Amino acid sequence: MILRFLVPFLALFLLLSAGLAKDPVKVTDDTISDAVRVKLASDQLVGTMSFQVAVKDGVVTLSGTVEQKNYKSHAEKVAKKIKGVKQVVNNIEIKPRSSR
């Protein structure tokens, strides 16, 4: 008797679960922008640096200045790891600190 009710319930549960899995939540440009800013700000290597972040249709554009090439590439890697990012345009400029 219990099996008679359990099988249809289990089948319905599996169908609903499969339907929900097919409709992923769309990530908006604002969500991507916020996530990139937070990740950059909390990063140990580039967290103290100031970057501008713009996002259009999942394409992230980074701008600002850094002192070393590895900071520029690291910031790009951080941005690429964010969910919803399709591409990163890295406009960060390298300006070494002048010695006095």
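When residue 37 is tested against (1) without any contact (Cβ under 8 Å) to a residue 40 or more places away in the chain; (2) closer than 17 Å to residue 96 by Cα, just one condition goes unmet, and that condition is (2).
If the condition is being in contact with a helix residue (DSSP H, G or I) (Cβ under 9 Å, 6 or more places away or on another chain) and buried (at least 17 other Cβ atoms within 10 Å of the Cβ), then segment 50-80 contributes 51, 53, 55, 60, 62, 64, 66, 75, 78, 79.
Within segment 47-75, the set of residues being modelled with pLDDT of 95 or more, over 14 Å from residue 86 (Cα atoms), not charged (D, E, K, R) and not in a strand (DSSP E or B) comprises 70, 71, 73, 74, 75.
The values are calculated or read from the model by the stated rules, or taken from the named source; none is laboratory data. As the structure is a prediction and not an experimental result, all values here were calculated from the model. Here Cβ is always computed from backbone atoms with ideal geometry, including for glycine, and neighbour counts include all displayed protein chains.
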